[in-house]
Amino acid sequence: MSDSQVTIKLTSDEALVLSHWLEKLQMTDLSRVVDDPAVWAPIHRIAGTLDKTLPELFAPGYDQLLEAARQRLRPED
């Protein structure tokens, strides 16, 4: 077993949108979404890391910040 680590870099917008999605994912019926319980360990780790590094999650106007980030990330038609 290797102890090597993987680093993932995200923009602030990407991190905010992903954090919100992961929170929603964790609140669903897990067995319907992910068929392998081993997948939840990295999902929880990523979500926890995002929670600790995103001050926007606790800012007044979080919904507006999230929507603005979503708009910037959506591809233009």
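The values are calculated or read from the model by the stated rules, or taken from the named source; none is laboratory data. Note that this is a predicted model, so its numbers are computed, not measured. Counting neighbours? That spans all protein chains shown, and the Cβs are built from the backbone with ideal geometry, glycine included. Surface areas here come from the heavy atoms of the whole protein model, side chains and all, with no ligands, DNA or RNA. Shrake-Rupley method; radii C 1.70, N 1.55, O 1.52, S 1.80 Å.
Summary of values
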quantity	calculated
The listed residue being among the β-branched types (Val, Ile, Thr) and open to solvent by 80 Å² or more (accessible area, probe 1.4 Å), out of Ile46, Ile8	Ile8
Enumeration of residues in region 11-35 that are open to solvent by 70 Å² or more (accessible area, probe 1.4 Å) and more than 20 Å from Leu73 (Cα to Cα)	Met27, Asp29, Ser31, Arg32, Val33, Asp35
Qualifying residue in region 15-36 (condition: in contact (Cβ under 8 Å) with a residue 40 or more places away in the chain and touching an Asp or Glu at 6+ places or on another chain (Cβ under 8 Å))	yes
Long-range neighbours under 8 Å by Cβ, at least six apart or interchain, first residue within 15 Å of Glu14 (Cα to Cα) within region 60-77, second among the small types (Gly, Ala, Ser) and in a helix (DSSP H, G or I)	Ala69/Ser12
Given (1) among the polar types (S, T, N, Q); (2) in a helix (DSSP H, G or I); (3) farther than 22 Å from Thr7 by Cα, number of the condition Thr28 does not satisfy	(2)
